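Notes for the one structure printed next.
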């Protein structure tokens, strides 16, 4: 029902113009069949009844039943819905004509069904067909956009990719050059290698296990800890449900990178980055919050210019393409903190 109301709010003036033209055309061709001053009301009743049937079918029955593959239930509800409204319309029409004989409908049901119910079914089915065609066109366009985005990302990756074998051989050589007693440096280099390996090899698929994405985030945060002293508080909370499902790779890291890039450097106040991940009943919640300074300029976090220059607009576009109507992104930006809350509805 909430989606139904939201869809109704999106209607534009061309809908009103279309129904108005239908009303005028219907009245022009049929007004002589009714007593004076009654034709307007009869026509309004017919158009309003048809509009209610079309919109309810298109924005309530189709998304709730047909798109969820409940075909038999959709057919039963659809036919019953049209039949009941046809009977109700006939009853109201007879009252407007001053011939209240609603129960007389059953005396000649065959004719009434042929003259009223069947035309209703055909008209509403036509409206539903237009809805299905429009939705199919939108889905094809979105698939094309996703394909183009993926191709562009792969091209940019190939342009910027260095020889991975040379890279890892060099890191391996550096690892053995580090004194064995310097365990922190060795461990940090291994974490850096894992970050690169994840980006070069594991992220080629459309989705990846959430466990690997979490490990990647943790390795990145551990490396960031090395750059900070005790003046900075860095916390990570991994809640329940963070295993056994998949997510688009590298979807979360831009927000974490942005938080570290724009963390405050107060000497008399708290400086922090807090990351929280959890999943509850199919809803994945990802929260990143960091303290920030009071100055506002072009490099402030509200523009999300971290993560290799990725902008907030690009992040939102990626979410719209990969998780259409299945995500909510909330950003709280003030002088003291910057907080991002991402909710993903997982199937």
Review point. Which number in (1) touching a residue at least 40 places away in the same chain (Cβ under 8 Å); (2) assigned by TED's automatic domain parsing to the domain that holds residue 335; (3) buried (at least 16 other Cβ atoms within 10 Å of the Cβ) marks the one condition that residue 208 misses?
Key: (2)
Review point. Has the range 282-297 got any residue that is part of a loop (DSSP other than H, G, I, E, B), at pLDDT below 90 and touching a strand residue (DSSP E or B) at 6+ places or on another chain (Cβ under 6 Å)?
Key: yes
Practice item. Return the total of residues in the range 243-257 being touching a strand residue (DSSP E or B) at 6+ places or on another chain (Cβ under 8 Å), assigned to a loop (DSSP other than H, G, I, E, B) and either surrounded by 20 or more Cβ atoms within 10 Å (Cβ to Cβ) or at positive phi (or both). Key: 2
Practice item. Evaluate the range 170-188: report whether one residue or more is within 25 Å of residue 79 (Cβ to Cβ), modelled with pLDDT of 65 or more, surrounded by 14 or more Cβ atoms within 10 Å (Cβ to Cβ) and more than 28 Å from the chain's Cα centre (by Cα). Key: no
Practice item. Evaluate the following for residue 73: is it modelled with pLDDT of 90 or more and assigned by TED's automatic domain parsing to the domain that holds residue 118? Key: yes
Practice item. Report yes if residue 343 is closer than 21 Å to residue 213 by Cα and either in a loop (DSSP other than H, G, I, E, B) or modelled with pLDDT of 85 or more (or both), otherwise no. Key: yes
Check your understanding: Applying the selection to the range 223-242, what residues are outside any loop (DSSP other than H, G, I, E, B) and closer than 20 Å to residue 341 by Cβ?
Key -> 233, 234, 235, 236, 237, 238
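The values are calculated or read from the model by the stated rules, or taken from the named source; none is laboratory data. All of these numbers come straight from a predicted model, not from anything done at the bench. Every residue, glycine among them, receives a Cβ derived from its backbone with ideal geometry; neighbour counts consider all protein chains shown.
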